[in-house]
Amino acid sequence: MNWPLKKKTNGDGTSNGHIIEMLGITKVYNTGKIKVEALKGIELVVDKGEFVAVVGPSGSGKSTLLNLIGCLDTPTGGSYMIGGEAVAGLDRDALADVRNRRVGFVFQNFNLLPQLTALENVELPMLFGGVGRRERRRRAVEHLERVRLGDRVEHRPTELSGGQMQRVAIARALAMEPDIVLADEPTGNLDTGSGSDVMSLLSELWGQGRTLVVVTHDQTLAKRAGRIVEIRDGLVVTDRRAVA
Amino acid sequence: MGRDLAVIATLFLKASSLQRKRAMLTVAAIAWGTVAIVMLLAFGEGLRHQLMKGQRGMGENIAVWWPGETSKVWEGLPEGRPVRPILDDIGYLRGRITAASGVIGELTSWSSSLSWGTTTITGRVTGANWEYGEMRHHFAQAGGRFFNANDEREKRRVIFLGDELAKDTFGEADPVGETMFVDRIPYLVIGVLEHKMQMGTYKGPDANGSVIPITTFSAQFGTQRLNNIVFKARTAEDMPLARQQFNEALAAKYRFDPTDEQVTGLWDTVEFGKVMAKIMIGLQAFLGIIGGLTLLVGGIGVANIMYAVVKEKTREIGVQMAVGAHRGWITGPFVLQGMTYTLLGGAFGLLIAVILIMLVRLVPVEGNQALEFLGKPTLSVEIAVATAALLGFIGIIAGYFPARRAASVDPAETLRYE
């Protein structure tokens with residue numbers, strides 16, 4: 001098996017420093033007879049080090065947008081570059097590699113593999129990324145310590161609290177040092193205390209210079225972001241930057 | 001490639017041990033299928049083995065000829081003439097059938113009175129040349145012998161008994177060295193047939209008959225006309241030539257068309273053996289197909305459980321895809337799992353089958369005609385290889401289709417629902 005061993009750019013290698021560059025993105029779901037136009041022409045540019053909150057009512061197209069940004073799905077029309085790499089025309093395995101190297105996912109319901117320990121969950125992206133066993137273990141422990149779960153490495157998800165599970169998920173998202181961390185309602189399933197823990201952690205990551213895109217209904221979380229993009233009916237309606 | 005295998009192996013080992021009961025039942029189904037196919041094939045192989053042995057019981061590479069009538073006009077002579085060779089023709093034929101290692105004549109008395117002490121039975125007596133012993137596999141039990149060239153030349157009154165006939169006449173007593181009467185003429189018993197498996201027969205099983213030198217027979221019964229001529233080809237490949245030489249020699253002497261099958265028709269055991277072998281191949285294939293179908297049912301069970309696993313793990317598959325798993329890394333562990341169940345079941349099944357076969361072979365079969373053929377299941381390398389190949393094939397199929405479904409999981413779709 002071989003795939004393009006591109007030098008990891010982390011955004012710096014792109015000509016203009018844009019991590020995400022979406023131009024005229026449309027997405028049409030063809031559910032038999034009815035065609036649903038979820039996105040109608042999204043223009044979105046995210047630079048390295050930004051913390052973007054995507055807000056909007058249910059059914060506005062937020063999740064669709066997130067799937068496209070995360071390369072879980074491909075757009076119907078328009079052009080999308082992630083870290084300077086065009087996504088159009090990549091096959092499934094190549095898309096998987098892009099996700100592996102460039103995107104870290106954090107889900108509302110954590111999506112940890114139940115039969116794996118916290119450590120093994122964090123190791124998983126590195127297993128797919130071709131990181132050697134020792135290196136994998138070392139880096140996984142390091143990431144878990146960074147999210148303050150150094151004492152929970154051998155625990156399985158069922159033995160962890162919701163907040164702890166989400167922190168394992170964040171450690172997993174960071175495992176491959178991705179260009180961007182994508183979070184879909186990361187505090188949606190958490191109580192207030194754990195929620196604010198996770199929020200602080202995300203802010204901390206931003207402070208370290210990472211790029212974050214978070215879809216959320218949570219106003220408190222949205223307010224922490226440096227930029228709020230509002231989606232409505234498949235279009236960006238407002239895009240405002242917080243004044244520091 | 002090496003990295004792919006490493007990833008697949010790691011994921012496979014990490015995969016949860018799903019519901020054990022279902023897995024056990026699946027493995028049991030495969031094991032049962034394996035037992036079925038191995039046992040069926042082993043019984044088929046044993047049957048083939050015994051049939052071939054039984055066929056050799058009458059003698060190897062021999063042909064048996066009966067007197068007949070001509071059915072074709074030949075050199076001005078009409079059809080319907082009997083061809084009845086006599087004792088002296090054997091010497092003539094021996095000189096001309098060069099492809100044969102032996103030619104003998106037989107004279108037969110179908111119902112002679114055989115008596116010893118107060119026991120008298122009616123039995124078959126054959127007069128034959130001394131080479132008959134070797135050619136027709138008349139081997140003597142310990143302490144006895146078949147008659148030899150001297151017995152034949154000097155017309156000695158010696159008799160060789162079939163083992164069943166010996167039992168009927170002598171009961172538990174040892175017949176060798178005893179004097180018995182054949183149609184009130186005394187004969188010395190010199191040997192009793194070592195029990196053998198015999199399938200083909202042209203005048204009844206050898207076990208139920210007795211044999212005396214052909215010269216003695218001719219003197220006592222006053223006949224020269226042969227009831228049978230038997231010849232043995234040097235090798236199986238020589239049989240067609242031997243038959244041709246036999247036909248030509250006999251046709252020249254008795255003046256008939258050598259292609260007249262009414263006269264030349266005979267029982268060629270080489271040809272018969274080939275037909276038998278083909279029938280056995282057909283039977284083996286039939287048994288194999290039945291066993292294979294049983295195994296296939298087990299395979300469907302494995303595929304079924306694998307589909308269930310894929311369904312249960314849809315979300316996990318989606319997560320793995322989201323963090324960068326290739327298609328092959330998703331499908332590989334499933335195929336491996338299907339293979340593992342199948343091969344595990346196969347190993348168990350093979351073990352059970354081997355034990356069963358060993359037990360069946362312990363059952364005594366001596367003297368029971370049906371069991372002599374059916375009671376000897378035999379494992380062969382071919383059976384083991386065929387079973388293993390079929391198991392591997394079913395394992396791959398049973399894992400492949402569920403794995404394909406796993407690979408078709410759409411991560412975006414899967415991760416969306418709560």
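The values are calculated or read from the model by the stated rules, or taken from the named source; none is laboratory data. Predicted, not measured: the structure shown is a model, and the values here were computed from it. Neighbour counts are summed over all protein chains in view; Cβ atoms, including those assigned to glycine, are modelled from backbone coordinates with ideal geometry. Remember, those area values only see protein heavy atoms, side chains included, never the ligands or the DNA or RNA. Shrake-Rupley method; radii C 1.70, N 1.55, O 1.52, S 1.80 Å.
Could you sort the residues of region B:295-324 by number and keep only those whose accessible area is reduced by 50 Å² or more in the all-protein-chain setting relative to the chain alone, 1.4 Å probe?
Listed in order, they are B:316, B:319, B:322, B:323.
With an 8 Å Cα cut-off and a minimum separation of 6 or more residues, compute the relative contact order for region A:18-241 in percent.
Numbers: 454 pairs, mean separation 65.1, N = 224.
Worked out over region A:18-241, it gives 29 percent.
Apply the Kirkwood formula to region A:18-241: the hydrodynamic radius equals the inverse of the mean of 1/r over all pairs of different alpha-carbon atoms; give it in Å with one decimal. It would help to have the intermediate numbers written out before the result.
Details: mean 1/r = 0.0561 Å⁻¹.
By the Kirkwood definition, the hydrodynamic radius is 17.8 Å.
Ordering B:326, B:49, B:137 by accessible area with a probe of 1.4 Å, largest first, what comes out? Could the numbers behind the result be given before it?
Details: B:326 5, B:49 95, B:137 40 Å².
Heavy-atom accessible area, descending, gives B:49, B:137, B:326.
What does the accessible area per residue of the protein assembly as shown come to in Å², with a 1.4 Å probe and no ligands, DNA or RNA counted?
Working: 30360 Å² over 662 residues.
Roughly 46 Å² per residue, with all protein chains present.
Just subtract the alpha-carbon distance of residue B:150 and residue B:110 from 0.36 nm times their residue separation and send over the number in nm, one decimal.
Details: separation 40, 0.36 × 40 = 14.40 nm, distance 2.57 nm.
Working it through step by step, the gained length comes to 11.8 nm.
Hey, could you get me the Stokes-Einstein D for the protein assembly as shown, Kirkwood radius over alpha-carbon pairs, 25 °C and 0.890 mPa s, rounded to whole µm² s⁻¹? Walk me through the intermediate numbers first.
Values: Rh = 32.6 Å.
Estimated via Stokes-Einstein, D reaches 75 µm²/s.
Can you give me the C-alpha center-to-center distance between region B:284-312 and region B:367-410, rounded to a whole angstrom?
Their Cα centres are 10 Å away from one another.
Please work out the C-alpha center-to-center distance from region B:126-205 to region A:175-244 and express it in whole Å.
105
In region A:48-85, which residues become less accessible by 20 Å² or more once every protein chain is in place, relative to the chain on its own, using a 1.4 Å probe?
A:67, A:72
In the structure shown, do any of B:274/B:376; A:40/B:311; B:196/B:278; B:155/B:232; B:196/B:232; B:278/B:376 have a Cα-Cα gap over 27 Å, and if so which?
Numbers: B:274/B:376 22 Å; A:40/B:311 34 Å; B:196/B:278 24 Å; B:155/B:232 24 Å; B:196/B:232 19 Å; B:278/B:376 20 Å.
Result: A:40/B:311 exceed 27 Å.
Kindly identify residues of region A:89-109 having a loss of at least 30 Å² in accessible area between the isolated chain and the assembly of all protein chains, probe radius 1.4 Å.
Those residues are A:92, A:93, A:96, A:99, A:107, A:109.
All other residues with a Cβ under 13 Å from the Cβ of residue B:262 taken together, and with Lys, Arg as +1 and Asp, Glu as -1, what is their net charge?
Once all neighbours under 13 Å are counted, the net charge is -3.
Pairing the Cα long axis of helix A:192-207 with the longest principal axis of chain A, what angle in degrees results, from 0 to 90 and rounded to the nearest 10?
For helix A:192-207, the angle is close to 80 degrees.
Whole-Hz Karplus ³J(HN,Hα) for region A:49-54, in order, using 6.51 cos²θ - 1.76 cosθ + 1.60 and θ = phi - 60°, x for Gly and Pro?
Computed from phi, the couplings for region A:49-54 are x, 7, 10, 10, 9, 9 Hz.
Run the numbers for residue B:351 and residue B:5: contour at 0.36 nm per residue of separation, minus the present Cα-Cα distance, in nm.
Working: separation 346, 0.36 × 346 = 124.56 nm, distance 2.99 nm.
Answer, rounded to one decimal: 121.6 nm.
Using only Cα atoms, tell me the angle between helix A:162-174 and the longest principal axis of chain A; keep it within 0 to 90° and round to the nearest 10.
Helix A:162-174 sits roughly 70 degrees off the main axis of chain A.
Given points 7 Å out from each Cα along the Cα-Cβ axis, report the residue B:312 to residue B:237 separation in nanometres with one decimal.
Here the answer is 6.3 nm between the modelled labels.
At 1.4 Å probe size, with the rest of the protein present, what percent of the exposed accessible area of region B:107-227 is carbon and sulfur atoms? Working shown, then result.
Working: 2620 of 5390 Å².
Carbon and sulfur together cover 49 percent of it.
Starting at the first residue of region B:178-183, write each ³J(HN,Hα) from the Karplus equation 6.51 cos²θ - 1.76 cosθ + 1.60 with θ = phi - 60°, in whole Hz, x for Gly and Pro.
For region B:178-183, the Karplus-derived couplings read 7, 9, 10, 10, 10, 6 Hz, x marking Gly and Pro.
Set the Förster radius R0 to 35 Å, insert the Cβ-Cβ distance between residue B:134 and residue B:285 as r into 1/(1 + (r/R0)^6), and round the FRET efficiency to 0.05.
Working: r = 36 Å, r/R0 = 1.04.
So the FRET efficiency works out to roughly 0.45.
What accessible area, summed over both chains, is buried at the A-B interface (1.4 Å probe, Å², nearest 100)? All intermediate terms of the calculation are to be shown ahead of the outcome.
Values: alone 11900 and 21100 Å², together 30360 Å².
Chains A and B together bury approximately 2600 Å².
Counting Lys and Arg as +1 and Asp and Glu as -1, what is the net charge of the other residues whose Cβ lies under 10 Å from the Cβ of residue B:144? Write out the running numbers ahead of the final one.
Details: positive: B:145; negative: B:174, B:194.
Cβ neighbours under 10 Å give a net charge of -1.
So, counting K/R as plus one and D/E as minus one, what does the shell of residues with Cβ under 13 Å around residue A:45 add up to?
Numbers: positive: A:48, A:227, A:241; negative: A:21, A:43, A:47, A:50, A:239.
Result for the neighbourhood of residue A:45: -2.
For chain A, with all protein chains present and a 1.4 Å probe, just round the carbon and sulfur fraction of the accessible area to a whole percent.
Working: 5370 of 10590 Å².
Answer for chain A: carbon and sulfur cover 51 percent of the accessible area.
At 7 Å along Cα-to-Cβ for each site, give me the label-to-label distance between residue B:261 and residue B:223 in nm.
2.8
Normalised by the residues of region B:107-227, what does the relative contact order come to in percent, with Cα pairs under 8 Å and at least six apart? Write down the numbers at each step before the final one.
Numbers: 245 pairs, mean separation 43.8, N = 121.
It rounds to 36 percent for region B:107-227.
Between region A:96-125 and region B:60-113, what is the C-alpha centre distance in whole Å?
The two parts, judged by their Cα centres, are 91 Å apart.
Helix A:118-128 versus the longest principal axis of chain A: what angle, 0 to 90°, nearest 10, using Cα atoms?
With both axes taken from Cα atoms, the answer is about 50 degrees.
What list of ³J(HN,Hα) couplings, whole Hz, do you get for region B:153-161 from phi and the Karplus terms 6.51, -1.76, 1.60, once you set θ to phi - 60° and write x for glycine and proline?
Coupling constants for region B:153-161: 5, 9, 6, 6, 8, 10, 9, 10, 9 Hz.
For residue A:183, what residues show an amide H to amide H distance below 5 Å, using hydrogens built from the backbone and excluding near sequence neighbours?
Result for residue A:183 returns A:106, A:213, A:214, A:215.
What helices in chain B pass both tests, a Cα length along the helix axis of 15 Å or more and a mean Kyte hydropathy of 0.0 or higher, using whole DSSP H runs?
Values: long enough: B:2-14 (18 Å, 1.04); B:20-56 (53 Å, 0.45); B:239-254 (22 Å, -0.36); B:269-312 (63 Å, 1.32); B:327-362 (53 Å, 1.48); B:381-407 (38 Å, 1.36).
Span-like helices, by this rule, are B:2-14, B:20-56, B:269-312, B:327-362, B:381-407.
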